[in-house]
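Input: a single structure, listed below in structure tokens.
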Amino acid sequence: MEIKTKSRIIVFIFALLVWFALTDIKDYQEALIGIGISLLITFLAGQFLVTTAKSQHPVKRFLHFIIYIFRFFWEMIKANFEVAYLVIHPMLPIKPGIVKIKTKLTKDSAITVLANSITLTPGTLTVDINEDKKELYIHWIKVSSTDINETTKEIGEKFEKTLTEVFE
Amino acid sequence: MTDTIGIILICIGIAFDFLGVLGLVRLPDVYNRLQAATKCVTFGSMGILLGVIVMQGFTSFGFKALIGIVFIILAAPTAAHAVARAAHRSKIPLAKISVVDKYEEDKELIDETLKEEVEV
């Protein structure tokens, strides 16, 4: 199947599901309008959701995505307690700076999710991405090392493995 | 019962929102403040919306809150990234306490690649 068609089908199903969840369907007219609007969205913006072919099987990707969500929430809760501790501490024990990390991911969607996850996890915030060299610039609230290999290990690697399974 | 759990979740959310705001006031420069603002406020707002879901169940009301959570998770880090990058590009300095700035060191290189892109 061509990839644009595939993308359109996914967008249509997703839009329709969201419509059914948002409106308490009492009448066939509501369902008809939902289908109409989903079709409109599909033809206007359907081809942008999926742009590259993935190598893994969909079910396997979905399972890895679930694992990823749990890991992500765990990291996020840790991040919040860390920042809360820093903010409450009377001396403000911070040591900020911008460091570089490397990434092995190649797909746009994977790098986007990695950057967003890094922003929401302990003490780190993605500032910029160098797409040619596959490097991310990270503002880190407590710099423990400036060496690129060590920072990669500490910040990026915990997500990278699962993200490779999901998005590549 | 669900009401109690919902209210507890909303209280946790408000507490983290408060800590985020406190961080916004106390931390030194724009980048550190963004850290507090994105993390704590995202988590806090998620807690509040989660409380709403628990109290309302999966009615159309609760589902709207769920969609709110998804969009907060997607939008908050992206916005923080955009603000941080814009701040650095308009030469707002890091706080004096900072130890390293690899981005500044590589900046000329990035600017050159940008120029090439514009020319192409």
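What follows is calculated from the coordinates using simple rules that are stated; it is not laboratory data. In this text, all values refer to a predicted model and were calculated from it rather than measured experimentally. So basically every Cβ, Gly included, is an ideal-geometry build from the backbone, and we count neighbours across all protein chains shown.
Observations on the structure shown:
- Charge tally in the Cβ shell below 13 Å around residue B:83, where Lys, Arg are +1 and Asp, Glu are -1, residue B:83 excluded: +1
- Listed residues B:11, A:111, A:37: farthest to the positive end of the dipole of the protein assembly as shown (Cβ charges): B:11
- Extension gain, residue A:4 to residue A:70, is 20.7 nm, computed as 0.36 nm per intervening residue step minus the present C-alpha separation.
- Chain A, relative contact order [Cα under 8 Å, separation at least 6], %: 25 percent
- Peptide A:123-131 has a mean of 6 when you count, residue by residue, the C-beta atoms of other protein chains within 10 Å of its C-beta.
- When A:28, A:137, A:68 are sorted by how many other C-beta atoms sit within 10 angstrom of their C-beta, beginning with the fewest, the order is A:28, A:68, A:137.
- Residue A:154-residue A:108 FRET efficiency (beta carbon distance; Förster radius 25 Å; 0.05 resolution): 0.55
- Gain upon complete extension [residue A:144, residue A:77; 0.36 nm per residue less C-alpha separation]: 22.0 nm
- When each of A:144, B:90, A:38 is scored by the number of other beta-carbon atoms lying within 10 Å, the sequence from fewest to most is B:90, A:144, A:38.
- Exceedance of the 22 Å cut-off in Cα-Cα distance is limited, within the set A:6/A:26; A:153/B:102; A:100/A:158, to A:6/A:26.
- Average beta carbon contacts from partner chains per residue of A:91-102, 10 Å cutoff: 5
- Taking A:100, A:142, A:26 and counting other C-beta atoms within 10 Å, the order from fewest to most: A:26, A:142, A:100
- Model label points for residue A:48 and residue A:35, set 7 angstrom from Cα along the Cα-to-Cβ axis, are 2.7 nm apart.
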